[in-house]
1. Taking H as built 1.01 Å from N, whose amide H comes closer than 5 Å to the amide H of A:V83, not counting residues under 5 places away?
2. For B:V75 and B:T223, compute 0.36 nm times the residue count separating them, minus their Cα-Cα distance, and round to one decimal in nm.
3. When the Karplus curve 6.51 cos²θ - 1.76 cosθ + 1.60 is applied with θ = phi - 60°, which whole-Hz ³J(HN,Hα) does each residue of the range A:25-40 get, with x for Gly and Pro?
4. So what J values fall out for the range A:184-198 if you push phi through Karplus, 6.51 cos²θ - 1.76 cosθ + 1.60 with θ = phi - 60°, rounded to Hz, Gly and Pro as x?
5. Build a GNM of chain B with springs between Cα atoms under 10 Å: which of B:S81, B:S23, B:S94 gets the top mean-square fluctuation?
6. Rounded if a/c is under 1.5, else prolate if a/b is larger than b/c, else oblate: which is the range A:91-154, with a ≥ b ≥ c the root eigenvalues of its Cα gyration tensor?
7. Which residue fluctuates the most in chain A, going by a Gaussian network model with Cα springs under 10 Å, if the choices are A:F67, A:F129, A:F14?
8. Over chain B, with a Gaussian network built from C-alpha contacts below 10 Å, which listed residue (B:L33, B:L152, B:L250) shows the highest mean-square fluctuation?
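The values are calculated or read from the model by the stated rules, or taken from the named source; none is laboratory data. Bear in mind that the values here come from a model prediction, so they are computed numbers and not experimental data. Methodologically, a virtual Cβ is constructed for each residue, glycine included, from the backbone with ideal geometry; neighbour enumeration extends over all protein chains shown. We work out accessible area using only protein heavy atoms, side chains counted, and drop any ligands, DNA or RNA first. Shrake-Rupley method; radii C 1.70, N 1.55, O 1.52, S 1.80 Å.
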Amino acid sequence: MTALLKIDNVSQTFVRNDKSSVEALRSIDLSINEGEFVSIVGASGSGKSTLLRIIDGLLAPSSGSVFVDGTKVDRPGPDRAMVFQQDSLLPWKTVIENVGYGLTLAGRPKAEVQAIAQRFIDMTGLRGFESHYPHQLSGGMRQRVNVARALAVDPKILLLDEPFAALDAQTREIMQTELLSIWQKSRKTVLLITHQIDEAVFLSDRVIVFSARPGCVKTEVAIDLPRPRDLDLKRHPAFIEQVDHIWKLIEAEVRAGVKQGA
Amino acid sequence: MRKVYDFLEQDTRAAAVTRILVSTGFVLILWQLLAMFVTNRLLLVPPAEVASALWKEFQQGSMAENAWATVTAVVTSFLVSIAIGIGIGLALASSRFLSLTGGPVLSALNSVPIIALAPLFIAWLGLGFASKFVLVLLVAVFPVVVTTEAGLRATDKPLIEAARSFNATPLQIFSTVTFPYALPFIVSGIRVAWARALVGIVVAEFFGSFAGFGFAIMSASQTFDTARVLGYVIVLGAMGLIGSVLFAALERYLAPWRLE
């Protein structure tokens, strides 16, 4: 298999206003194959969101480079689409307009935008809510719009930045299964950032475990649980064992982070 | 009583109209009572006399004449100040240099009571349209400048980030994110600008003009015609109220998500 996404020795150092510098990421090497579902987990401060923003092209790395399909990333592009953690939907646009936003920006004709947006509205279970505004929707529905908007531009790689972090536990479980079924339908390559270990194990083919301060790859865990998966899997001993294994890898850092108040 | 409160708190047109009627009625009653104690008609006249004075102005055609003079001047000047205000606000929000250097000048100008310069403007520009136009422009432009700049700078960072992530050009970010976000802010500035424009026009007309509400108020007070003075003040109040209600409605229409 060829790597669709290749992260080559990426480091990121931020310089604060008081001239002190913070090393967010140190020499990250990663490659992700086409059609793979990969998650990155790590304690807060492990720079995982920073890495995602570098991959999306929103942030230039201090050193190293990112390649998508062999092309070096230097700005956001149509081959990648990001699903954001917080509300990043335009509050003055309807669901269908929000879903079609990326296509509209790309200058695609209106009828085509409508048709494509409708397809992804159907896929994400938003049918009937086309002309609602984001403030009229629940958190879970809003994240569906967020996912649909990213899928609508037909990216090669879907980047998800803790997409369900703001949802309550039950909604999160439902959204996880829906994300799985959408992934199975669309066969996108997915890179998910999360702090929920069970979410990462449940969804992924591989889980990359990050260390904090500076963020670097600690280890990688292959998840060989059978697919298709449903929520029952979460009670399976093999599942619990994997979650536990990953938790032990980052437990010390999470505890340190809690003590620092980070 | 509880039911009355529930009705008045509603966000419906009927409730809004009732609120206005109730408060207007309250003011009229208070006024009437006061006029029964203050019997010197130079100081205060009861509502009915004011109404009949207004009616007379209508019949004689001086109301139309004054209204034409005031409304044309205030509306043109108000529209121009919106355009200029948005323009300056845009420039300040898009250029850090302009904001840092021009900002202090503008806030200094804004704290000068420009109204006090009215006699000077009349000396420069003469009696009539030009001096009114400039004075109204100067008082009305600042709220629009300030809210435009503030609104454009207030845009949620995640919205801009998302637009960038979808490869939006700077112009697209402006037209699809920053400007729509700022629009309700701008309208609230326009609402304030309208109230200030009305003050500006009246003062300008006090000092130098031969027609307009300000001129009519001045000439009526010089002949101790208190009923006419109060009549024109009420007309001006109504203009202010209508503007305020319209722009508040526009604000709600443009940003329904802010209410929830």
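1. Under 5 Å from the amide H of A:V83: A:L159, A:L160, A:D161.
2. 50.4 nm
3. 9, 10, 5, 7, 10, 8, 9, 10, 7, 4, x, 7, 10, 10, 10, 10
4. Running phi through 6.51 cos²θ - 1.76 cosθ + 1.60 with θ = phi - 60° gives 5, 6, 8, 6, 7, 7, 10, 10, 10, 9, 8, 10, 8, 5, 5 Hz.
5. B:S23
6. Since a/c reaches 1.5 and a/b is larger than b/c, the shape of the range A:91-154 is classed as prolate.
7. Comparing A:F67, A:F129, A:F14 in the GNM, the peak value goes to A:F14.
8. Residue with maximal mean-square fluctuation among B:L33, B:L152, B:L250: B:L33.
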